[in-house]
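Encoded as structure tokens, the structure appears first; notes follow it.
The values are calculated or read from the model by the stated rules, or taken from the named source; none is laboratory data. Bear in mind that the values here come from a model prediction, so they are computed numbers and not experimental data. With ideal geometry, Cβ positions are generated from the backbone for all residues, glycine too; neighbour counts draw on all protein chains shown.
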């Protein structure tokens with residue numbers, strides 16, 4: 001007999017309401033992910049209990065409980081679950097402060113993820129040409145020139161207490177992309193981004209790592225991580241110094257990533273981390289709020305200053321302390337997996353490159369609460385094809401338990417063509 005699971009309880013007695021409810025024929029992992037979303041925690045933190053019995057695996061819910069079961073959610077501490085991922089992310093460069101920039105006079109421009117050909121001013125509508133000097137200030141790598149990038153410009157009044165862009169700690173890479181409750185991609189990128197570097201001074205250690213053995217030499221860990229890299233083969237005079245928030249490094253080469261700037265001081269924050277597997281740590285649409293306390297305070301962005309970051313760098317738009325007019329600039333380089341037509345601005349001169357970017361016509365926010373990988377099918381041909389590829393597997397994993405994004409991509413491309 002089928003039934004619905006609409007409410008769980010925490011060990012402290014708090015009700016956890018699931019909307020919509022989870023059906024008894026859906027996998028147990030769906031229930032776990034939906035509970036994690038409702039509590040705004042990471043899915044790895046959630047342990048499900050029925051009485052004293054832990055519910056494990058990914059069988060249908062009805063195989064492990066009945067309709068009368070009283071389900072409890074036990075939350076595991078962030079530091080116990082995510083410390084290895086944060087330690088790895090801490091060894092990489094998350095953002096780079098590049099240079100001071102000048103914004104053009106504001107004229108009410110509001111475009112989001114507009115495609116254009118990087119290096120080609122004529123590929124932009126003329127009303128955006130005032131931002132071309134700022135685009136040139138990015139000094140894009142040669143391999144990006146001629147490819148399709150994505151430009152966001154927002155010039156709006158912002159009320160005190162509001163954030164102009166997306167508030168809350170998050171990654172630009174969504175990690176897992178959903179459509180109607182089902183997985184589209186588990187390796188989606190939003191600009192990607194790598195920086196060759198040598199660390200000159202120790203980086204601030206996130207709180208989650210402060211409990212590590214005091215004998216661990218964190219600076220030595222970073223030195224080991226970059227030993228033998230191309231950064232070690234480039235002289236100081238060919239490099240650029242960048243210093244921010246107590247962190248200093250020499251970055252020698254930026255690959256891909258995101259360039260961003262604004263006109264308002266302290267209206268955004270960056271964390272100097274880069275996660276290698278966003279899907280392993282973040283929630284829906286890159287949400288990372290469950291790790292805020294573990295990652296520390298972050299670094300406030302300066303006004304009129306250009307920054308580079310990866311799509312796996314924690315960041316947030318900060319609510320303003322007073323009313324202000326804010327101009328915001330963002331250039332996302334070519335490695336973008338999905339372009340949401342409902343949330344993006346078309347360019348009559350340039351379209352997204354179909355060999356790199358798939359155009360998606362659905363609302364990317366419609367499934368924010370539906371974080372399970374296997375909700376009911378609802379007639380999407382593309383969704384069904386992708387679902388068939390992963391049917392019977394856990395999110396981002398194959399039946400043999402090996403997480404291999406390159407193998408995932410190969411299977412998807414066999415079914416759907418180049419991604």
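Results, tabulated for the structure shown:
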| read-out | value |
| --- | --- |
| Selected residue (only one of 261, 300 is buried (at least 20 other Cβ atoms within 10 Å of the Cβ), under 29 Å from residue 131 (Cβ atoms) and modelled with pLDDT of 90 or more) | 261 |
| Filter result for residue 39 (touching a strand residue (DSSP E or B) at 6+ places or on another chain (Cβ under 7 Å) and either under 19 Å from residue 2 (Cα atoms) or modelled with pLDDT of 90 or more (or both)) | no |
| Any hit, segment 55-62, residues being loosely packed, with under 15 Cβ neighbours inside 10 Å and in contact (Cβ under 8 Å) with a residue 40 or more places away in the chain | no |
| Residue count for segment 308-326, restricted to those that are more than 19 Å from residue 168 (Cα to Cα) and crowded, with 24+ Cβ neighbours inside 10 Å | 1 |
| Residue 18 within 28 Å of residue 343 (Cβ to Cβ) and part of a strand (DSSP E or B) | yes |
| Residue that is surrounded by the fewest Cβ atoms within 10 Å (Cβ to Cβ) [pool: residues in segment 113-130 that are touching a strand residue (DSSP E or B) at 6+ places or on another chain (Cβ under 6 Å), modelled with pLDDT of 95 or more and not in a loop (DSSP other than H, G, I, E, B)] | 123 |
| Filter result for residue 88 (part of a loop (DSSP other than H, G, I, E, B) and surrounded by fewer than 17 Cβ atoms within 10 Å (Cβ to Cβ)) | no |
| Residue in segment 67-89 that is more than 30 Å from residue 296 (Cβ to Cβ), without any contact (Cβ under 8 Å) to a residue 60 or more places away in the chain, assigned by TED's automatic domain parsing to the domain that holds residue 3 and in contact with a helix residue (DSSP H, G or I) (Cβ under 7 Å, 6 or more places away or on another chain) present | no |
| Residue satisfying all of: in segment 132-154; outside any loop (DSSP other than H, G, I, E, B) and over 24 Å from the mean Cα position of the chain (by Cα); surrounded by the most Cβ atoms within 10 Å (Cβ to Cβ) among these | 134 |
| Which numbered condition residue 163 misses (of (1) exposed (fewer than 12 other Cβ atoms within 10 Å of the Cβ); (2) farther than 23 Å from residue 339 by Cβ) | (1) |
